[in-house]
Each structure stands twice: as structure tokens, then as C-alpha cells.
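*Asks:* Would you mind keeping the following structure in view while I ask a few things?
The values are calculated or read from the model by the stated rules, or taken from the named source; none is laboratory data. Values in this document were obtained by computation on a predicted structure and should not be read as measured data. Cβ: placed from backbone, ideal geometry, glycine included. Neighbour counts: every protein chain shown. All accessible areas refer to the heavy atoms of the entire protein, side chains included, with ligands and DNA or RNA removed. Shrake-Rupley method; radii C 1.70, N 1.55, O 1.52, S 1.80 Å.
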Amino acid sequence: MEQAEILIVDDLPEHIAYAGAILKKEGYRVHAVTSGEAALNFLKKATPDLIVLDIKMEGMNGLELCGMIHSSPETADIPIIFVTSEGSRDVLRKGFEAGCRDYVVKPFFREEYVARIRTHLEISRKTKALASANSELEMFVSAVSHDLRSPLNVIEMLADTLQSELGENAGGDPLKILEMLKSKCRQTVTMTERLLEFSRMCNIVPNIEKLNIEKIIAGQFAELRSLEPERKIELNMQKLPKIYGDSVLVQSVIKNIMSNAFKFTRNRSDAVIDIKAEYAEGYTVISIKDNGVGFDMKYIDKLFSVFQRLHTEEEFEGSGVGLALCKRIMERHGGKIEAFGEPGKGAEFRLGFREQKQ
């Protein structure tokens, strides 16, 4: 395994010598500076695997330095462990708010000091490995999506050509098979595109802003209704509070939920979608409820899984990715999504958006 590099920041040389000796004995490569300014200069040239930082220093203190390191995209992911002679809750709270991962109180036991450093180096290593694996997975899914889309489009084009060659007098079965073939091609293309969209959600950082959720819902309802002008479907929406979220991502969630409401109320002559809001345990909860076919709650574990469907393609079209995508988006917001249903009595989706501190 590659030798880990640790930066010690402390304005007392004797502390650096003591801690450095411990870490070198453990096989780590140690760098040391005696001020916050020197630490920032060091970080312009090198990126250590972990920083051990004293809180009390002359000039720039450890809290200020930690905040600057954590706020920079180039250094934000470096784990920082505070070393402090103060164990007060207020100091430790400020340390965690500034971005430190852990702390050790002076005078420390050698075993505790080494154990905490070893733990956070391992966490950092696994986090980097997971990020790399996610990046590789996204590239793989993107390549698969691209490589599949091209031959599927060719197959659909060939089926069209063959259908034209056969003509309408070819008989029912051949034409029916060709239509099924083209339909499956289109369905598979849609599934690969949705899978790619789902995989990309792993790395998206939401741009949180105040949103008018009423306007988003009304806009999606109007768009969906324009696609099925012959249908009678009613929207009952109470006054909704503003929510905090990423505009593009929230619209994607609402589009998926509203599309499902339209789809699964298709057999209702009196289709209704009810929307209301409430506050619960730090969340603004938006409830979207329809009176469609519903679902059995014993299958709730399948509902938000990729390519898991509770209805056949013949009953209702779909890719089996939409709700999984909604769950991923809500989690990326620090929010949540819940579903409740009963066969023949509709479904309710509850979107929980984190309330923002004023």
C-alpha cells in the first residue's frame, strides 16, 4: 500500500517533534509547518492524505485555517483532525462546523492518537475508491447506452423497411410481429437512456434555491393534460408553501410523479389528483395523491428499485426507472420520498424537502 502523507500544523516545535516521531514510527510520511500561513502555502504545492491541526496558534488559529481549507474545492476533501487542550462543547462544535472530521484532546494517549488517524485515513481511502468506482460505472453505463442505441435504431429502421416491402397485403401476423419488434426497440432505447440518467444522479450536487412548487406542479399538469386533451382529469391543489431544492431536479421529480398519476388514472372517468402540504419533523412535505389503480403495500420495497414494475407493459407503459430516479434526487437534496397505496383506491407520494434555517 502507498505510504500515506500527513501534514502536522502546530506552532510549538516540541509538539511537532513528539507527534511526528509517533507517526513516522507507524510508517507515515510526515510534513510539518508552524503556522496557518505556512500550511496554506504548503497546500498550494502538495495534497496530504490527512491534516493534524492544533486549534490554538499564534496568528491564524486552527478554526480559521480549517474553514479556509474546507471551503476550497482543491482541499475540501482532505480529512482534518484537531488537536486541542480544550474539550469544551463550544470549541468542538465550532471545529466540526469549520469542517474537521475528529479531534484528540491533549495530552493524548499514543494509541488513541494513532487509532484516530488510521481510521480517518481508511475512511478517506474508501471514499476515494468509491468515487472512482462511481465514475467508472457512469462511463460504463454511458458507453453501453451509446453502443446499444445505435444498433437498436438500425433494427427499428430495418423493420420499417421490411414492413414497407411486405405491404398491407402481407397478412396480419408478419405485420404484428414487426410492430412488436419496433416497439421493443423503442422501449429498450428508452430504458438505456433512463439508466444513464439514473447513474449520473450519483455525482450531481443540487443547486439549492427557493422554489414555487405550486407553479412547477401546475406547469407539469398543464403539459400532461395537453397531451391527452380528450381526458377529464381534475387537479385539486391547496395553497402550497415555497420549498428549497434544485429547480431542474425538482421538476424531474414532479414530472415523474404527475406522469404516473395521469397514467394510472387512465381508466377512471372521474380522475382526480389531490395536492396538499404539511410540516413534519423538519420537512416540508408535499403530498400528491391520485384515485387510480393504486398498488399493494406488500410490494413497497420494489417500488423505488430500478427496473422493478408492479404492472405489466401491456397494462401500463413505462421503463421502471422513474421512481428510482425520484428517490435518488430526493436523497441528493437531503430529503425523502414515501409512497402509500391500496389496490383500486389510488396512490399517494409524499415528498419531504428539508426546511432551511433562516
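*Asks:* Hey, could you check region 23-60 for residues that are surrounded by 17 or more Cβ atoms within 10 Å (Cβ to Cβ) and over 38 Å from the mean Cα position of the chain (by Cα) and say which is nearest to Lys128 (Cα to Cα)?
*Replies:* The extreme case among them is Thr34.
*Asks:* Listed residues Asp270, Asp274, Asp296, Asp290; which is modelled with pLDDT under 85 and not basic (Lys, Arg)?
*Replies:* Every option except Asp296 fails the conditions.
Each row is one residue, and each column tells you yes or no for (1) touching a helix residue (DSSP H, G or I) at 6+ places or on another chain (Cβ under 8 Å); (2) within 24 Å of Thr119 (Cβ to Cβ).
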site: Ile6; (1), (2): yes, yes
site: Leu23; (1), (2): yes, yes
site: Gly36; (1), (2): yes, no
site: Thr47; (1), (2): no, yes
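*Asks:* Does at least one position in region 236-251 carry a residue that is of a type outside the set (S, T, N, Q), at pLDDT 90 or above, part of a strand (DSSP E or B) and under 18 Å from Lys336 (Cβ atoms)?
*Replies:* Yes, some residue in region 236-251 is of a type outside the set (S, T, N, Q), at pLDDT 90 or above, part of a strand (DSSP E or B) and under 18 Å from Lys336 (Cβ atoms).
*Asks:* Take region 62-76 and flag every residue that is under 15 Å from Ala38 (Cβ atoms) and either open to solvent by 30 Å² or more (accessible area, probe 1.4 Å) or in a loop (DSSP other than H, G, I, E, B) (or both).
*Replies:* Glu64, Met68, Thr75, listed by residue number.
*Asks:* Another one. Filter region 2-61 for residues that are within 23 Å of Lys126 (Cβ to Cβ) and either of a type in the set (D, E, K, R) or part of a loop (DSSP other than H, G, I, E, B) (or both) and give the result.
*Replies:* Hits for region 2-61 are Glu2, Gln3, Ala4, Glu5, Glu26, Gly27, Tyr28, Arg29, Ala46, Thr47, Pro48, Asp49.
*Asks:* Residues that are aliphatic (A, V, I, L, M), in contact (Cβ under 8 Å) with a residue 12 or more places away in the chain and either under 19 Å from Lys128 (Cα atoms) or touching a helix residue (DSSP H, G or I) at 6+ places or on another chain (Cβ under 6 Å) (or both): does region 86-96 have at least one?
*Replies:* no
*Asks:* Let me ask something additional. Which condition number in (1) surrounded by fewer than 19 Cβ atoms within 10 Å (Cβ to Cβ); (2) touching an Asp or Glu at 6+ places or on another chain (Cβ under 8 Å) is the one that Glu14 fails?
*Replies:* It is condition (2) that Glu14 fails.
*Asks:* Let me ask you something else. Out of everything in region 235-267 that is charged (D, E, K, R) and open to solvent by less than 60 Å² (accessible area, probe 1.4 Å), what residue ends up being nearest to the chain's Cα centre (by Cα)?
*Replies:* Here is the first cut: in region 235-267, the residues charged (D, E, K, R) are 239, 242, 246, 255, 263, 266.
Now restrict to residues that are open to solvent by less than 60 Å² (accessible area, probe 1.4 Å): 246, 263.
Numbers: Asp246: 12, Lys263: 26 Å.
Only one residue fits best here, namely Asp246.
*Asks:* Quick check: is even one residue across region 83-91 open to solvent by 50 Å² or more (accessible area, probe 1.4 Å), assigned to a helix (DSSP H, G or I), modelled with pLDDT under 85 and over 20 Å from Val114 (Cα atoms)?
*Replies:* yes
*Asks:* Which members of region 115-144 meet the condition of being of a type outside the set (S, T, N, Q), open to solvent by less than 100 Å² (accessible area, probe 1.4 Å) and at pLDDT 80 or above?
*Replies:* Scanning region 115-144 gives Ala115, Arg116, Ile117, His120, Leu121, Glu122, Ile123, Ala129.
*Asks:* Filter region 92-104 down to residues that are open to solvent by less than 50 Å² (accessible area, probe 1.4 Å) and either over 21 Å from Ser71 (Cα atoms) or among the aromatic types (Phe, Trp, Tyr) (or both), then give me how many there are. First the steps, then the outcome.
*Replies:* From region 92-104, those open to solvent by less than 50 Å² (accessible area, probe 1.4 Å) are 92, 95, 98-100, 102, 104; that's our starting set.
The next check asks that each one be either over 21 Å from Ser71 (Cα atoms) or among the aromatic types (Phe, Trp, Tyr) (or both); those that pass are 104.
Here the count works out to 1.
*Asks:* Can you tell me which of Glu317, Glu348 is of a type outside the set (Ser, Thr, Tyr), under 21 Å from Ser252 (Cβ atoms) and either at pLDDT 85 or above or surrounded by 14 or more Cβ atoms within 10 Å (Cβ to Cβ) (or both)?
*Replies:* Glu348
*Asks:* Right, something else. Which condition breaks for Pro174 when tested against (1) modelled with pLDDT of 85 or more; (2) assigned to a helix (DSSP H, G or I)?
*Replies:* All conditions pass for Pro174, except number (1).
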